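Asks: Have a look at this one before I ask anything.
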Amino acid sequence: MNKKNKKAKRMYNIAVIPGDGIGQEVVKAAVTILDKLPIDFNYTYAKAGDECKEETGVPLPDETIELAKNSDAVLFGAAGETAADVIVRLRRELNTFVNLRPVKSLQPDKYGNIDFMIVRENTEDLYIGDEEETPEGAIARKKITKFASERIAKYAFKYAEDTGRKKVTAVHKANVLKLSDGLFKKSFYKIAEQYPDIESNDFYVDATAMYLITNPLDFEVIVTTNLYGDILSDEGAGLVGGLGMIPSANIGDDNGLFEPVHGSAPDIAGQGIANPAATILSACMMLDYLGESQYARKVEEILIDVIQEGSHVTPDLGGDSSTQEMAEYIASKL
Ligand code: NAI
Ligand code: MG
(Lines give C-alpha, C1' and ligand atoms only; values in the text may rest on other atoms or scores of the structure.)
(Ligands and ions follow the chains in the order given, each with its own letter.)
Protein backbone atom coordinates (compact mmCIF):
# COMPACT_ATOMS: atom_id res chain seq x y z
CA MET A 1 0.00 0.00 0.00
CA ASN A 2 2.98 2.31 -0.45
CA LYS A 3 2.23 5.76 -1.69
CA LYS A 4 3.96 6.07 -5.02
CA ASN A 5 7.08 8.20 -5.38
CA LYS A 6 7.34 8.88 -1.69
CA LYS A 7 10.08 6.44 -0.94
CA ALA A 8 13.06 8.76 -1.08
CA LYS A 9 11.39 11.63 0.71
CA ARG A 10 12.15 11.92 4.41
CA MET A 11 9.93 14.87 5.28
CA TYR A 12 6.20 14.37 5.40
CA ASN A 13 3.29 16.76 5.78
CA ILE A 14 0.84 15.08 8.12
CA ALA A 15 -2.67 16.39 8.71
CA VAL A 16 -3.58 15.54 12.31
CA ILE A 17 -7.28 15.47 13.22
CA PRO A 18 -7.64 14.32 16.85
CA GLY A 19 -11.42 14.98 16.96
CA ASP A 20 -13.47 14.20 20.06
CA GLY A 21 -13.17 12.36 23.36
CA ILE A 22 -10.36 9.81 23.54
CA GLY A 23 -9.42 10.77 19.96
CA GLN A 24 -7.47 13.65 21.50
CA GLU A 25 -5.69 11.37 23.98
CA VAL A 26 -4.73 8.52 21.66
CA VAL A 27 -3.53 10.80 18.87
CA LYS A 28 -1.28 12.63 21.32
CA ALA A 29 0.13 9.25 22.36
CA ALA A 30 0.82 8.22 18.75
CA VAL A 31 2.51 11.54 17.98
CA THR A 32 4.73 11.06 21.05
CA ILE A 33 6.04 7.91 19.37
CA LEU A 34 6.32 9.33 15.85
CA ASP A 35 8.36 12.19 17.33
CA LYS A 36 11.03 9.72 18.47
CA LEU A 37 11.69 8.47 14.92
CA PRO A 38 14.47 9.93 12.77
CA ILE A 39 11.90 11.21 10.29
CA ASP A 40 10.85 14.79 9.82
CA PHE A 41 7.09 15.07 10.28
CA ASN A 42 5.50 18.42 9.67
CA TYR A 43 2.18 18.21 11.53
CA THR A 44 -0.74 20.50 10.84
CA TYR A 45 -3.59 20.11 13.31
CA ALA A 46 -7.16 20.50 12.09
CA LYS A 47 -10.58 20.46 13.67
CA ALA A 48 -13.47 18.09 13.12
CA GLY A 49 -16.17 16.45 15.21
CA ASP A 50 -18.80 17.31 17.83
CA GLU A 51 -16.75 19.99 19.57
CA CYS A 52 -15.84 21.55 16.25
CA LYS A 53 -19.53 21.67 15.34
CA GLU A 54 -20.35 23.40 18.62
CA GLU A 55 -17.57 25.91 18.06
CA THR A 56 -17.85 26.59 14.34
CA GLY A 57 -21.32 25.38 13.37
CA VAL A 58 -19.99 22.60 11.11
CA PRO A 59 -18.56 19.19 12.04
CA LEU A 60 -16.10 19.07 9.13
CA PRO A 61 -14.85 22.48 7.98
CA ASP A 62 -13.76 22.91 4.36
CA GLU A 63 -10.25 23.87 5.56
CA THR A 64 -9.93 20.47 7.22
CA ILE A 65 -10.93 18.68 4.02
CA GLU A 66 -8.49 20.76 1.96
CA LEU A 67 -5.67 20.16 4.41
CA ALA A 68 -6.36 16.41 4.42
CA LYS A 69 -6.37 16.30 0.61
CA ASN A 70 -3.08 18.18 0.36
CA SER A 71 -1.14 16.29 3.00
CA ASP A 72 1.07 13.23 2.52
CA ALA A 73 -1.10 11.36 5.02
CA VAL A 74 -3.82 11.99 7.60
CA LEU A 75 -3.78 10.78 11.20
CA PHE A 76 -7.29 10.77 12.64
CA GLY A 77 -8.49 10.09 16.20
CA ALA A 78 -12.26 9.77 16.53
CA ALA A 79 -15.44 11.75 16.14
CA GLY A 80 -18.47 11.48 18.40
CA GLU A 81 -22.09 11.73 17.31
CA THR A 82 -21.02 13.55 14.14
CA ALA A 83 -18.99 10.51 12.96
CA ALA A 84 -21.09 10.06 9.80
CA ASP A 85 -20.56 13.70 8.82
CA VAL A 86 -16.89 13.59 9.68
CA ILE A 87 -15.10 10.31 9.09
CA VAL A 88 -17.53 8.71 6.64
CA ARG A 89 -17.52 11.96 4.66
CA LEU A 90 -13.72 12.36 4.85
CA ARG A 91 -13.20 8.85 3.47
CA ARG A 92 -15.47 9.77 0.57
CA GLU A 93 -13.90 13.20 -0.02
CA LEU A 94 -10.43 11.62 -0.13
CA ASN A 95 -11.74 8.75 -2.25
CA THR A 96 -10.06 6.25 0.03
CA PHE A 97 -11.97 3.33 -1.38
CA VAL A 98 -10.45 0.63 0.79
CA ASN A 99 -10.47 0.35 4.55
CA LEU A 100 -7.93 -2.16 5.83
CA ARG A 101 -8.55 -3.47 9.32
CA PRO A 102 -6.05 -6.04 10.56
CA VAL A 103 -7.36 -8.31 13.31
CA LYS A 104 -4.25 -9.72 14.90
CA SER A 105 -3.69 -11.11 18.32
CA LEU A 106 -0.76 -9.31 19.95
CA GLN A 107 -1.06 -11.64 22.94
CA PRO A 108 -1.25 -15.06 21.18
CA ASP A 109 -0.94 -16.92 24.47
CA LYS A 110 -4.16 -15.29 25.65
CA TYR A 111 -6.22 -15.14 22.46
CA GLY A 112 -4.71 -17.79 20.13
CA ASN A 113 -2.90 -16.94 16.97
CA ILE A 114 -5.63 -14.89 15.30
CA ASP A 115 -4.39 -13.00 12.25
CA PHE A 116 -6.69 -11.93 9.44
CA MET A 117 -7.29 -8.80 7.42
CA ILE A 118 -10.69 -7.21 6.84
CA VAL A 119 -10.79 -5.41 3.50
CA ARG A 120 -13.85 -3.20 3.72
CA GLU A 121 -15.37 -1.35 0.78
CA ASN A 122 -15.34 2.26 1.89
CA THR A 123 -17.38 4.35 -0.55
CA GLU A 124 -20.85 2.92 -0.94
CA ASP A 125 -23.43 0.53 0.58
CA LEU A 126 -25.88 1.96 3.15
CA TYR A 127 -23.15 4.40 4.22
CA ILE A 128 -23.90 6.73 1.31
CA GLY A 129 -26.38 8.12 3.87
CA ASP A 130 -29.24 8.39 1.39
CA GLU A 131 -32.18 8.29 3.79
CA GLU A 132 -35.62 9.78 3.51
CA GLU A 133 -38.66 9.99 5.71
CA THR A 134 -41.81 8.41 4.39
CA PRO A 135 -45.35 8.54 5.76
CA GLU A 136 -44.76 5.12 7.34
CA GLY A 137 -41.26 5.74 8.68
CA ALA A 138 -38.04 6.00 6.73
CA ILE A 139 -36.15 4.44 3.83
CA ALA A 140 -32.39 4.09 3.42
CA ARG A 141 -30.92 3.27 0.03
CA LYS A 142 -28.07 0.81 -0.32
CA LYS A 143 -25.76 1.42 -3.26
CA ILE A 144 -23.60 -1.36 -4.68
CA THR A 145 -21.84 -0.88 -8.01
CA LYS A 146 -19.98 -3.33 -10.22
CA PHE A 147 -17.06 -0.90 -10.42
CA ALA A 148 -16.54 -0.54 -6.65
CA SER A 149 -17.20 -4.24 -5.99
CA GLU A 150 -14.63 -5.37 -8.54
CA ARG A 151 -12.17 -2.72 -7.34
CA ILE A 152 -12.36 -3.89 -3.71
CA ALA A 153 -12.20 -7.58 -4.72
CA LYS A 154 -9.11 -6.84 -6.79
CA TYR A 155 -7.54 -5.05 -3.85
CA ALA A 156 -8.24 -8.01 -1.56
CA PHE A 157 -6.74 -10.60 -3.93
CA LYS A 158 -3.74 -8.40 -4.69
CA TYR A 159 -3.27 -7.87 -0.95
CA ALA A 160 -3.41 -11.65 -0.40
CA GLU A 161 -0.90 -12.23 -3.18
CA ASP A 162 1.50 -9.55 -1.89
CA THR A 163 1.39 -10.78 1.69
CA GLY A 164 1.47 -14.53 1.06
CA ARG A 165 -2.07 -15.17 2.23
CA LYS A 166 -3.73 -18.21 0.67
CA LYS A 167 -7.45 -17.50 0.92
CA VAL A 168 -9.92 -14.65 0.40
CA THR A 169 -13.44 -14.88 1.82
CA ALA A 170 -16.27 -12.66 0.57
CA VAL A 171 -18.95 -11.75 3.12
CA HIS A 172 -22.43 -10.65 2.02
CA LYS A 173 -26.15 -11.38 2.39
CA ALA A 174 -26.91 -12.25 -1.21
CA ASN A 175 -29.69 -14.69 -0.31
CA VAL A 176 -31.86 -11.77 0.82
CA LEU A 177 -30.33 -8.78 -0.98
CA LYS A 178 -30.26 -10.55 -4.30
CA LEU A 179 -29.50 -7.61 -6.56
CA SER A 180 -27.11 -5.54 -4.43
CA ASP A 181 -25.20 -8.13 -2.41
CA GLY A 182 -25.75 -10.52 -5.33
CA LEU A 183 -23.71 -8.16 -7.51
CA PHE A 184 -21.01 -7.92 -4.84
CA LYS A 185 -20.71 -11.71 -4.73
CA LYS A 186 -20.71 -12.07 -8.51
CA SER A 187 -18.02 -9.39 -8.87
CA PHE A 188 -15.91 -11.17 -6.26
CA TYR A 189 -15.95 -14.48 -8.16
CA LYS A 190 -15.25 -12.73 -11.45
CA ILE A 191 -12.04 -11.25 -9.98
CA ALA A 192 -11.23 -14.55 -8.23
CA GLU A 193 -10.77 -16.15 -11.68
CA GLN A 194 -7.72 -13.95 -12.19
CA TYR A 195 -6.13 -15.38 -9.02
CA PRO A 196 -6.25 -19.17 -9.47
CA ASP A 197 -3.53 -19.70 -6.85
CA ILE A 198 -5.57 -18.11 -4.10
CA GLU A 199 -8.51 -19.99 -2.64
CA SER A 200 -11.80 -18.09 -2.71
CA ASN A 201 -14.98 -18.75 -0.78
CA ASP A 202 -17.93 -16.79 0.58
CA PHE A 203 -20.24 -16.76 3.59
CA TYR A 204 -23.37 -14.93 4.60
CA VAL A 205 -22.66 -12.19 7.10
CA ASP A 206 -24.75 -13.74 9.88
CA ALA A 207 -22.90 -17.05 9.63
CA THR A 208 -19.61 -15.16 9.48
CA ALA A 209 -20.46 -13.46 12.76
CA MET A 210 -20.55 -16.93 14.32
CA TYR A 211 -17.57 -18.44 12.46
CA LEU A 212 -15.40 -15.56 13.64
CA ILE A 213 -15.97 -16.79 17.17
CA THR A 214 -16.01 -20.54 16.55
CA ASN A 215 -13.30 -20.75 13.83
CA PRO A 216 -11.33 -17.46 13.79
CA LEU A 217 -8.18 -19.22 12.57
CA ASP A 218 -9.92 -20.18 9.31
CA PHE A 219 -9.90 -16.59 8.08
CA GLU A 220 -7.03 -14.97 6.20
CA VAL A 221 -8.54 -12.11 4.20
CA ILE A 222 -12.20 -11.05 4.42
CA VAL A 223 -13.56 -8.75 1.74
CA THR A 224 -16.93 -7.20 2.40
CA THR A 225 -19.23 -4.23 1.97
CA ASN A 226 -19.13 -1.09 4.07
CA LEU A 227 -21.67 -1.87 6.81
CA TYR A 228 -20.70 -5.53 7.32
CA GLY A 229 -17.04 -4.50 7.42
CA ASP A 230 -17.80 -1.97 10.12
CA ILE A 231 -19.64 -4.51 12.26
CA LEU A 232 -17.27 -7.45 11.74
CA SER A 233 -14.21 -5.34 12.57
CA ASP A 234 -15.61 -4.47 16.01
CA GLU A 235 -16.34 -8.19 16.44
CA GLY A 236 -12.75 -8.87 15.38
CA ALA A 237 -11.57 -6.41 18.02
CA GLY A 238 -13.51 -8.39 20.60
CA LEU A 239 -11.54 -11.50 19.59
CA VAL A 240 -8.12 -9.98 20.29
CA GLY A 241 -8.47 -7.81 23.36
CA GLY A 242 -10.93 -5.07 22.51
CA LEU A 243 -11.31 -1.90 20.50
CA GLY A 244 -8.11 -0.46 21.91
CA MET A 245 -6.18 -2.96 19.76
CA ILE A 246 -7.39 -2.59 16.16
CA PRO A 247 -5.93 -0.01 13.77
CA SER A 248 -7.08 0.88 10.29
CA ALA A 249 -5.87 2.38 7.05
CA ASN A 250 -8.10 4.13 4.52
CA ILE A 251 -6.31 4.00 1.18
CA GLY A 252 -7.07 5.57 -2.18
CA ASP A 253 -5.08 6.44 -5.27
CA ASP A 254 -4.02 9.84 -3.92
CA ASN A 255 -4.66 9.79 -0.18
CA GLY A 256 -4.19 7.75 2.96
CA LEU A 257 -6.02 8.28 6.25
CA PHE A 258 -5.08 6.30 9.34
CA GLU A 259 -7.32 5.89 12.37
CA PRO A 260 -8.15 3.49 15.17
CA VAL A 261 -11.31 1.45 14.59
CA HIS A 262 -12.85 2.73 17.82
CA GLY A 263 -14.89 5.88 18.38
CA SER A 264 -14.66 8.71 20.91
CA ALA A 265 -15.54 6.42 23.87
CA PRO A 266 -17.39 9.01 25.98
CA ASP A 267 -17.57 6.47 28.84
CA ILE A 268 -13.81 6.75 29.43
CA ALA A 269 -12.93 10.06 27.74
CA GLY A 270 -10.98 12.56 29.84
CA GLN A 271 -9.76 9.90 32.28
CA GLY A 272 -6.46 9.27 30.48
CA ILE A 273 -7.05 5.51 30.41
CA ALA A 274 -7.75 4.84 26.72
CA ASN A 275 -5.52 2.18 25.19
CA PRO A 276 -3.31 3.94 22.62
CA ALA A 277 -2.29 0.69 20.83
CA ALA A 278 -4.90 0.98 18.06
CA THR A 279 -3.75 4.47 17.16
CA ILE A 280 -0.05 3.64 17.47
CA LEU A 281 -0.64 0.68 15.11
CA SER A 282 -2.55 3.02 12.78
CA ALA A 283 0.52 5.27 12.78
CA CYS A 284 2.55 2.16 11.83
CA MET A 285 0.20 1.58 8.88
CA MET A 286 0.85 5.22 7.97
CA LEU A 287 4.60 4.59 8.10
CA ASP A 288 4.14 1.62 5.75
CA TYR A 289 2.14 3.79 3.38
CA LEU A 290 4.85 6.43 3.41
CA GLY A 291 7.47 3.79 2.59
CA GLU A 292 8.99 3.84 6.08
CA SER A 293 8.27 0.18 6.84
CA GLN A 294 11.45 -0.44 8.81
CA TYR A 295 10.22 2.02 11.45
CA ALA A 296 6.71 0.59 11.33
CA ARG A 297 8.08 -2.86 12.19
CA LYS A 298 10.31 -1.42 14.93
CA VAL A 299 7.44 0.41 16.66
CA GLU A 300 5.16 -2.65 16.33
CA GLU A 301 7.82 -4.89 17.82
CA ILE A 302 8.28 -2.64 20.84
CA LEU A 303 4.52 -2.18 21.30
CA ILE A 304 4.03 -5.96 21.30
CA ASP A 305 6.86 -6.39 23.85
CA VAL A 306 5.34 -3.73 26.08
CA ILE A 307 1.88 -5.33 25.89
CA GLN A 308 3.29 -8.79 26.64
CA GLU A 309 5.46 -7.45 29.45
CA GLY A 310 2.29 -5.91 30.92
CA SER A 311 3.88 -3.51 33.40
CA HIS A 312 3.21 -0.24 31.53
CA VAL A 313 -0.19 -0.79 29.96
CA THR A 314 -3.65 0.72 30.29
CA PRO A 315 -6.42 -0.83 32.46
CA ASP A 316 -8.14 -2.64 29.56
CA LEU A 317 -4.88 -4.61 29.18
CA GLY A 318 -4.71 -5.33 32.89
CA GLY A 319 -2.33 -2.54 33.88
CA ASP A 320 -2.67 0.76 35.68
CA SER A 321 -0.73 3.08 33.38
CA SER A 322 -2.29 6.07 31.70
CA THR A 323 -2.53 6.45 27.93
CA GLN A 324 0.38 8.86 27.92
CA GLU A 325 2.52 6.80 30.34
CA MET A 326 2.17 3.76 28.08
CA ALA A 327 3.12 5.85 25.03
CA GLU A 328 6.12 7.38 26.78
CA TYR A 329 7.32 3.98 27.93
CA ILE A 330 7.17 2.70 24.33
CA ALA A 331 8.90 5.87 23.11
CA SER A 332 11.67 5.41 25.70
CA LYS A 333 12.55 2.06 24.11
CA LEU A 334 12.90 3.46 20.60
P1 NAI B 1 -16.52 3.34 20.89
O2 NAI B 1 -15.62 2.66 19.94
O3 NAI B 1 -16.22 4.77 21.16
O4 NAI B 1 -16.51 2.56 22.30
C5 NAI B 1 -17.03 1.23 22.45
C6 NAI B 1 -16.48 0.63 23.75
O7 NAI B 1 -15.10 0.34 23.59
C8 NAI B 1 -16.59 1.57 24.94
O9 NAI B 1 -16.89 0.82 26.08
C10 NAI B 1 -15.20 2.16 25.05
O11 NAI B 1 -14.84 2.56 26.35
C12 NAI B 1 -14.33 1.02 24.56
N13 NAI B 1 -13.12 1.54 23.90
C14 NAI B 1 -13.06 2.14 22.69
N15 NAI B 1 -11.81 2.52 22.42
C16 NAI B 1 -11.05 2.17 23.48
C17 NAI B 1 -9.67 2.31 23.79
N18 NAI B 1 -8.80 2.90 22.95
N19 NAI B 1 -9.23 1.84 24.98
C20 NAI B 1 -10.07 1.25 25.83
N21 NAI B 1 -11.39 1.08 25.59
C22 NAI B 1 -11.88 1.54 24.43
O23 NAI B 1 -18.00 3.16 20.31
P24 NAI B 1 -19.40 3.72 20.85
O25 NAI B 1 -19.41 3.77 22.33
O26 NAI B 1 -20.38 2.90 20.15
O27 NAI B 1 -19.50 5.20 20.28
C28 NAI B 1 -19.05 6.36 20.98
C29 NAI B 1 -19.06 7.54 20.03
O30 NAI B 1 -18.05 7.35 19.04
C31 NAI B 1 -20.37 7.73 19.29
O32 NAI B 1 -20.67 9.10 19.32
C33 NAI B 1 -20.09 7.24 17.88
O34 NAI B 1 -20.84 7.93 16.91
C35 NAI B 1 -18.62 7.55 17.74
N36 NAI B 1 -17.88 6.66 16.80
C37 NAI B 1 -16.96 7.25 16.01
C38 NAI B 1 -16.16 6.49 15.19
C39 NAI B 1 -15.11 7.18 14.40
O40 NAI B 1 -14.90 8.38 14.56
N41 NAI B 1 -14.38 6.49 13.55
C42 NAI B 1 -16.29 5.02 15.13
C43 NAI B 1 -17.26 4.49 16.07
C44 NAI B 1 -18.03 5.29 16.87
MG1 MG C 1 -17.17 1.19 13.52
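The values are calculated or read from the model by the stated rules, or taken from the named source; none is laboratory data. Just so we're clear, the structure is a prediction, and the values are computed from it rather than from any experiment. Quick reminder, even Gly has a Cβ in these numbers, built from the backbone with ideal geometry, and neighbours come from all protein chains shown. Keep in mind that these areas ignore ligands, DNA and RNA; they rest on the heavy atoms of the full protein, side chains included. Shrake-Rupley method; radii C 1.70, N 1.55, O 1.52, S 1.80 Å.
Asks: Of the residues ASP234, ASP267, only one is within 25 Å of GLY49 (Cα to Cα), within 16 Å of ligand 1 (Cβ to nearest atom) and under 12 Å from the mean Cα position of the chain (by Cα); which? Don't jump to the end; show me each part of the working.
Replies: Numbers: ASP267 fails: under 12 Å from the mean Cα position of the chain (by Cα).
Selected residue: ASP234, the only one of ASP234, ASP267 that is within 25 Å of GLY49 (Cα to Cα), within 16 Å of ligand 1 (Cβ to nearest atom) and under 12 Å from the mean Cα position of the chain (by Cα).
Asks: Do you know which residues across segment 43-58 are open to solvent by less than 70 Å² (accessible area, probe 1.4 Å) and not β-branched (Val, Ile, Thr)?
Replies: Scanning segment 43-58 gives TYR43, ALA46, ALA48, GLY49, ASP50, CYS52, GLY57.
Asks: Report the residue count in segment 208-227 for those that are open to solvent by 20 Å² or more (accessible area, probe 1.4 Å) and within 16 Å of ligand 1 (Cβ to nearest atom).
Replies: Residues meeting the conditions: 1.
Asks: Taking ARG91 and the conditions (1) closer than 11 Å to ASP20 by Cα; (2) open to solvent by 10 Å² or more (accessible area, probe 1.4 Å); (3) within 11 Å of ligand 1 (Cβ to nearest atom); (4) not β-branched (Val, Ile, Thr), which numbered condition does it fall short on, given that it satisfies the others?
Replies: (1)
Asks: Let me ask another. Looking for something within 16 Å of ligand 2 (Cβ to nearest atom), of a type outside the set (Asp, Glu) and on the phi > 0 side of the Ramachandran plot - is there at least one such residue anywhere in segment 241-259? Steps first, answer last, please.
Replies: Of the residues in segment 241-259, the ones within 16 Å of ligand 2 (Cβ to nearest atom) are 242-250, 257-259.
Right, trim to of a type outside the set (Asp, Glu) and you get 242-250, 257-258.
Now drop any that are not on the phi > 0 side of the Ramachandran plot, which leaves 242.
Yes: segment 241-259 contains one or more residues that are within 16 Å of ligand 2 (Cβ to nearest atom), of a type outside the set (Asp, Glu) and on the phi > 0 side of the Ramachandran plot.
Asks: In segment 77-87, is there at least one residue being more than 25 Å from ASN226 (Cα to Cα) and crowded, with 18+ Cβ neighbours inside 10 Å? Before the answer, list the steps.
Replies: From segment 77-87, those more than 25 Å from ASN226 (Cα to Cα) are none; that's our starting set.
No, every residue in segment 77-87 fails to be more than 25 Å from ASN226 (Cα to Cα) and crowded, with 18+ Cβ neighbours inside 10 Å.
Asks: So GLY112 clears everything in (1) open to solvent by 50 Å² or more (accessible area, probe 1.4 Å); (2) modelled with pLDDT under 95 except one condition, right? Which one?
Replies: Failed condition: (1).
For every residue, the table says whether it meets (1) among the charged types (D, E, K, R); (2) within 23 Å of GLY256 (Cα to Cα); (3) open to solvent by less than 10 Å² (accessible area, probe 1.4 Å); (4) in contact with a strand residue (DSSP E or B) (Cβ under 7 Å, 6 or more places away or on another chain).
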| position | (1), (2), (3), (4) |
| --- | --- |
| ALA277 | no, yes, yes, no |
| ALA283 | no, yes, yes, yes |
| LEU287 | no, yes, yes, no |
| VAL306 | no, no, yes, no |
| SER311 | no, no, no, no |
| MET326 | no, no, yes, no |
| ILE330 | no, no, yes, no |
| LEU334 | no, no, no, no |
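Asks: ALA84 - would you say it is outside the structural domain of ASP234 (by TED's automatic domain parsing), under 16 Å from the mean Cα position of the chain (by Cα), more than 30 Å from LYS166 (Cα to Cα) and modelled with pLDDT of 95 or more? Let's see the steps before the verdict.
Replies: On the way: outside the structural domain of ASP234 (by TED's automatic domain parsing): yes; under 16 Å from the mean Cα position of the chain (by Cα): yes; more than 30 Å from LYS166 (Cα to Cα): yes; modelled with pLDDT of 95 or more: no.
So ALA84 does not fit the description; no.
Asks: Taking segment 209-229 as the search range and keeping residues that are within 16 Å of ligand 2 (Cβ to nearest atom) and in contact with a helix residue (DSSP H, G or I) (Cβ under 8 Å, 6 or more places away or on another chain), which one is nearest to TYR111 (Cα to Cα)?
Replies: Taking segment 209-229 and keeping what is within 16 Å of ligand 2 (Cβ to nearest atom), we get 209, 212, 222, 224-229.
If we keep only those that are in contact with a helix residue (DSSP H, G or I) (Cβ under 8 Å, 6 or more places away or on another chain) as well, we get 209, 212, 222, 224-228.
Numbers: ALA209: 17, LEU212: 13, ILE222: 19, THR224: 24, THR225: 27, ASN226: 27, LEU227: 26, TYR228: 23 Å.
Here the residue is LEU212.
Asks: Also, quick follow-up: Would you pick out the residues in segment 237-251 that are over 12 Å from LEU100 (Cβ atoms) and more than 9 Å from ligand 1 (Cβ to nearest atom)? Can you show your working first?
Replies: Our first condition is that a residue be over 12 Å from LEU100 (Cβ atoms); within segment 237-251, this holds for 237-245.
Hits for segment 237-251 are GLY238, LEU239, VAL240, GLY241.
Asks: For segment 24-117, give me every one of the strands (runs of 3 or more DSSP E) that falls completely inside it and has 2 or more residues that are without any contact (Cβ under 8 Å) to a residue 40 or more places away in the chain.
Replies: Numbers: elements: 40-45, 73-78, 98-104.
Those strands (runs of 3 or more DSSP E) span 40-45.
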